[in-house]
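The values are calculated or read from the model by the stated rules, or taken from the named source; none is laboratory data. This one's a predicted model, so the numbers in the text were calculated from it and none came from an experiment. Counting neighbours? That spans all protein chains shown, and the Cβs are built from the backbone with ideal geometry, glycine included. In case anyone asks, the SASA skips ligands and DNA or RNA and just uses the protein heavy atoms, side chains included. Shrake-Rupley method; radii C 1.70, N 1.55, O 1.52, S 1.80 Å.
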Amino acid sequence: MPRNWDFGSDKRLFQMSRETVPVITIDGPAGSGKGTIAVKLASLLGYHYLGSGTLYRVLAWFSLHHQVEADDLESVLGMCETMQIRFETFGEDGEVRVWIDGQDISDRLRTEECALGASRLAMCQPVREALLEKQHGFRMAPGLVAEGRDMGTVVFPDARLKIYLTASAMERAQRRHKQLRKQGISASLDDLLAEIEARDARDKERAISPLRPADDAVRVDSTNLTIAQVVQHVAALVNN
Ligand code: DC
């Protein structure tokens, strides 16, 4: 079965068919491992992958790159419409590369500057609405694994399976600590824990698309599980 169907100009047929494409959503707080799990699950199932946080980061990068002020909504929304984004996933670790208009900008998206810009843009309702259509565009046969904060609640409410992935704040701080140490960066565990708790509070308390599990989501706590165990558990749920 081809992974990209060409529906030509019959938009009605495209709409009808797109809604039948299965979607699995994985939402959860920062550091819960949802990105890694989503990539691995997509690879296991042969599905497409959407990392929705990256879309906000890409817009932030675009704004910085083109020196667009964050409150210049017209320009930001114009970028939403024209950007051509592609995810490339590969490797044992489920590495994701992000291509914009034919350019690999993955490393530039990981900066603090982009993270900050992304979190500001994520609080802007017109931006969220503009990105909605973009996110729906990733729903292609044979299926999609979409991860973020509001995949199951707002973007794909009709998803076949919704996972809400959590881990204790301390476990997430320890994972981040280990990751930074691997990169040769020293950081205090207490500071990382405080940062994670502050980010959780911001994500859950914001007025627009707050982080919360969908009513029909399955909660998975990854605190005492390995990545492989979480993937196995979620894959079993998919096949149920
Ligand atoms: O997961 P991340 O750190 O790459 O996300 C970047 C920002 O986008 C972060 O502030 C949370 C926000 N975000 C969101 O509001 N909704 C999503 N579906 C995904 C991310």
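Observations on the model:
- If you filter segment 45-79 down to residues that are part of a loop (DSSP other than H, G, I, E, B) and on the phi < 0 side of the Ramachandran plot, you find that the one that is nearest to the ligand (Cβ to nearest atom) is 70.
- Members of segment 105-126 that are more than 8 Å from the ligand (Cβ to nearest atom), open to solvent by less than 90 Å² (accessible area, probe 1.4 Å) and in a loop (DSSP other than H, G, I, E, B): 105, 111, 124
- Residues that are surrounded by 17 or more Cβ atoms within 10 Å (Cβ to Cβ), more than 8 Å from the ligand (Cβ to nearest atom), assigned to a helix (DSSP H, G or I) and modelled with pLDDT of 95 or more do occur in segment 161-169.
- Candidate set: segment 127-157, residues that are more than 11 Å from the ligand (Cβ to nearest atom) and in a helix (DSSP H, G or I); chosen: the one farthest from residue 71 (Cα to Cα): 136
- Considering (1) without any contact (Cβ under 8 Å) to a residue 24 or more places away in the chain; (2) away from the ligand (no atom under 16 Å from the Cβ); (3) not polar (S, T, N, Q), the lone condition that residue 41 does not fulfil carries the number (1).
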